[in-house]
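The values are calculated or read from the model by the stated rules, or taken from the named source; none is laboratory data. In this text the structure is predicted, and so the values were computed from the model without any measurement. Note that each Cβ is placed from the backbone with ideal geometry, even for glycine, and that neighbours are counted across all protein chains shown.
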Amino acid sequence: MAGWFITMEGPDGSGKTTQIQLLKQELQKQGYEVLVTREPGGTSIGEQIRKVILDVNNVAMDPMTEAILYAAARAQHVKELIQPALEQNKIVLCDRFLDSSIAYQGVARGLGMDMVEGLNHYATGGLNPDITFFIDMDPVMGLQRKKNQAQLDRLEKETLDFHQKVYKGYLALWKKYPDRIHRISGDDQVESIHQQIMSKVKERIKRGLSYEYEINHGCHS
C-alpha cells in the first residue's frame, strides 16, 4: 500500500489529539507503519516557529505575519517529515494541517480563504491529505474543555467571536471538499468517534488497495 496522509481538524478542545492516538494504536495493531505529527511543529524548525506563533506575549502579531509563519513551518514539515514518510509507504497522522490555516487565518483573521490556500500551495508543493476528519464541536464547549485541561496559548486566548468564525470556516471547508473532509460529531463518546473514524479509514484503505490492484493487473481504464 502506498503512503496515506490523514489529518485531524476541529476547533480547540474538540478531542483531535485523543483520536489521533487511538487511530495510531489501531492501525499499528493491523501492521501499518504510522507516523504521528502536529502543526505547527513536527520538525525542529517547525517547533521553534510554533513557540513564536503561540507565545501569549506576541499580541502585536499581524494576521499576515501569522499566516506566513504557519506556511513556513508547514513547508519545512512537508519537505523534512511528511513527504519522506509517505514515500516510505507510511500512514501519516497529522494534528492540524492546511485546513486550520484557512479556518483561522483565512476566515477568522479575514485574510480570505483563497489567499491562504494559494500561499500554502507553494508551502506544501500541492500536497493534500487523502482523508481529513473534522471533529465538529461547539466552540464554547471546546474552549471550556481547554480551560479545564491546560494553560491557554495565544490563539486559544482569542475571543469567543474569533473562535466562532473559525468554526464557520471549518463548516465552509467541509462543504467545499465533501469527498475529502468527513464531519464527525464531537459530542459523541470518545469510543464512538473512534469507531466512526476507523470505519472511514478502512473504507478508504480498501478502495486504495483495489485501485492499486487494478493498476498492477491492467484492469484500470
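Could you please let me know if residue 200 is at pLDDT 90 or above, in a helix (DSSP H, G or I) and in contact with a strand residue (DSSP E or B) (Cβ under 6 Å, 6 or more places away or on another chain)? Here the answer is yes, as residue 200 does meet what is asked.
Given the options 151, 144, name the one that is over 17 Å from the mean Cα position of the chain (by Cα), assigned to a loop (DSSP other than H, G, I, E, B) and of a type outside the set (Lys, Arg). It would help to see each step written out before you state the result.
On the way: 144 fails: assigned to a loop (DSSP other than H, G, I, E, B).
151 is the lone residue from the list that is over 17 Å from the mean Cα position of the chain (by Cα), assigned to a loop (DSSP other than H, G, I, E, B) and of a type outside the set (Lys, Arg).
On the stretch given as segment 42-75, residues that are closer than 30 Å to residue 30 by Cα and touching a Gly at 6+ places or on another chain (Cβ under 9 Å) total 1. When 119, 81 are screened for being modelled with pLDDT of 95 or more and under 16 Å from residue 5 (Cβ atoms), only 81 passes. Does residue 140 satisfy being crowded, with 17+ Cβ neighbours inside 10 Å, among the aliphatic types (A, V, I, L, M) and either touching a Lys or Arg at 6+ places or on another chain (Cβ under 6 Å) or modelled with pLDDT under 95 (or both)? When the stated conditions are applied, residue 140 does not pass them.
With respect to being surrounded by fewer than 22 Cβ atoms within 10 Å (Cβ to Cβ) and either under 14 Å from residue 7 (Cα atoms) or touching a strand residue (DSSP E or B) at 6+ places or on another chain (Cβ under 8 Å) (or both), residue 91 falls outside the description. Given the conditions (1) among the hydroxyl-bearing types (Ser, Thr, Tyr); (2) at pLDDT 95 or above; (3) within 21 Å of residue 4 (Cβ to Cβ), report the number of the one that residue 32 does not fulfil. Result: residue 32 passes all but (2).
What residue, among those in segment 62-93 that are in contact (Cβ under 8 Å) with a residue 60 or more places away in the chain and hydrophobic (A, V, I, L, M, F, W, C), is nearest to residue 12 (Cα to Cα)? Outline the logic, then answer.
To start, the set of residues in segment 62-93 that are in contact (Cβ under 8 Å) with a residue 60 or more places away in the chain comprises 82, 85-93.
So of that shortlist, the ones also hydrophobic (A, V, I, L, M, F, W, C) come out as 82, 85-86, 91-93.
Numbers: 82: 23, 85: 27, 86: 27, 91: 24, 92: 21, 93: 18 Å.
The residue in question is 93.
Residue pairs whose Cβ atoms lie under 9 Å apart, sitting 6 or more positions apart in sequence or on different chains, and linking a residue in segment 19-36 that is crowded, with 17+ Cβ neighbours inside 10 Å to a partner that is in a loop (DSSP other than H, G, I, E, B) and of a type in the set (Asp, Glu), are 27/33. Pairs meeting the criteria (first residue in segment 135-147 and over 23 Å from residue 23 (Cα atoms) and of a type outside the set (D, E, K, R), second residue part of a helix (DSSP H, G or I) and modelled with pLDDT of 90 or more, beta carbons under 6 Å, at least 6 apart or on different chains) are 139/163; 139/164; 139/167.
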